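> Please see the structure below; I have some questions.
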Amino acid sequence: MKIAIIGTGFIGGTLGRALANAGHEVTFGSRRADDQVSSGTTARVASVGDALAGSDIVVLALPAAAVSDLSAEHGDALAGKVVIDATNRMGQAVANNRASLPPTVRYVRAFNTLGGENMADPVFAGGRADLFFSAPEGDRSTVETVIEGVGLRPIYVGENQEALIDAVFQLWIALALTQGRGRRLAFRVLEG
């Protein structure tokens, strides 16, 4: 798959490198031409516009406050694409950025419920960590492939369920940070 990672910080870099190493064609969208986030991978760095133009899937891993500006500048390039919102609007009533995106995107909520260190190393003593996600039913298998490319086990909760995914994010914050259990904390669904 051709994946644009918009944002080259810890989360974007971690996701992009993992996806490139899994064999996906990854382009980091960056405002800095000299960005070295792709070093050691087959991924490349391009302008945000070029990254979007050459992608089938877009992962938003930029600061949450920047999503509105991205939409204003590149909304037409996002139209019709699978857009995975990995941002979190910390301290806001609604953590996701769905309302900041054009209504023409195929909105997915994922990669926002675990600390980045768990995406860099998703295997625990009990197995791979689970990643809960919401997506249009028609895009479910595509998103599952992206999540598996990072090494996480995808758990689909349905379409238009970003509020539920945001609740999982709040639970992770409460356990990992507020209670001081540490960032190396993940979830696993057990079925019997």
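The values are calculated or read from the model by the stated rules, or taken from the named source; none is laboratory data. Predicted, not measured: the structure shown is a model, and the values here were computed from it. Quick reminder, even Gly has a Cβ in these numbers, built from the backbone with ideal geometry, and neighbours come from all protein chains shown. We work out accessible area using only protein heavy atoms, side chains counted, and drop any ligands, DNA or RNA first. Shrake-Rupley method; radii C 1.70, N 1.55, O 1.52, S 1.80 Å.
> State the Kirkwood hydrodynamic radius of the stretch 1-113 in Å, one decimal place, computed from all pairs of distinct Cα atoms.
Roughly 13.7 Å, rounded to one decimal.
> Can you give the % of DSSP beta bridges in the stretch 48-149 that are antiparallel, to the nearest 5?
On the way: 3 of 11 bridges.
Around 25 percent of the beta bridges assigned by DSSP in the stretch 48-149 are antiparallel ones.
> Which trypsin sites (Lys or Arg not before Pro) does the stretch 136-192 hold that lie in a coil by DSSP with at most 13 other beta carbons within 10 Å?
ARG181, ARG183, ARG184, ARG188
> Can you find, among ALA135, THR113, SER47, the residue farthest towards the positive end of the dipole of the chain? Put +1 on the C-beta of Lys and Arg, -1 on that of Asp and Glu.
Farthest towards the positive end: THR113.
> Take the solvent-accessible surface of the protein heavy atoms, probe 1.4 Å, and return the percent of it on the stretch 49-192 that carbon and sulfur atoms account for.
51
> May I pose another question? Would you calculate a helix-derived [θ] at 222 nm for the chain, using -39,500 (n - 2.57) for each DSSP H run of n ≥ 4 and dividing by the full residue count, to the nearest 500? Could you put the intermediate results ahead of the total?
Details: 6 runs with 56 residues, N = 192.
Computed ellipticity for the chain at 222 nm equals -8500 deg cm²/dmol.
> Angle between the Cα long axis of helix 67-78 and the longest principal axis of the chain, 0 to 90 degrees, nearest 10?
Between the helix axis and the principal axis of the chain, the angle is about 60 degrees.
> Let me ask something additional. Translational D (Stokes-Einstein, µm²/s) of the chain at 20 °C and 1.002 mPa s when Rh comes from the Kirkwood sum over C-alpha pairs?
130
> Let me ask you something else. Taking the 0 to 90 degree range and rounding to the nearest ten, how far is the long axis of helix 10-21 tilted relative to the main principal axis of the chain, both from C-alpha atoms?
80
> Excluding ligands, DNA and RNA, what is the solvent-accessible area per residue of the chain at a probe of 1.4 Å, expressed in Å²? Working shown, then result.
Values: 8810 Å² over 192 residues.
Per residue, the chain has an accessible area of 46 Å².
> Shifting gears a bit: Among PRO102, GLY9, ILE84, whose Cα sits farthest toward the positive end of the charge dipole of the chain (+1 at Cβ of Lys/Arg, -1 at Cβ of Asp/Glu, about the Cα centre)?
About the Cα centre, the residue reaching furthest to the positive side is GLY9.
> Roughly how tilted is helix 140-149, in degrees to the nearest 10 and between 0 and 90, from the longest Cα axis of the chain?
80
> Need one number for the stretch 88-185: average projected area of the convex hull over its C-alpha atoms, nm².
Over all viewing directions, the stretch 88-185 projects a mean Cα-hull area of 6.5 nm².
> What is the magnitude of the charge dipole of the chain about its Cα centre, with +1 placed on the Cβ of each Lys and Arg, -1 on the Cβ of each Asp and Glu, and no other charges, expressed in debye to the nearest 20?
For this selection, approximately 440 debye.
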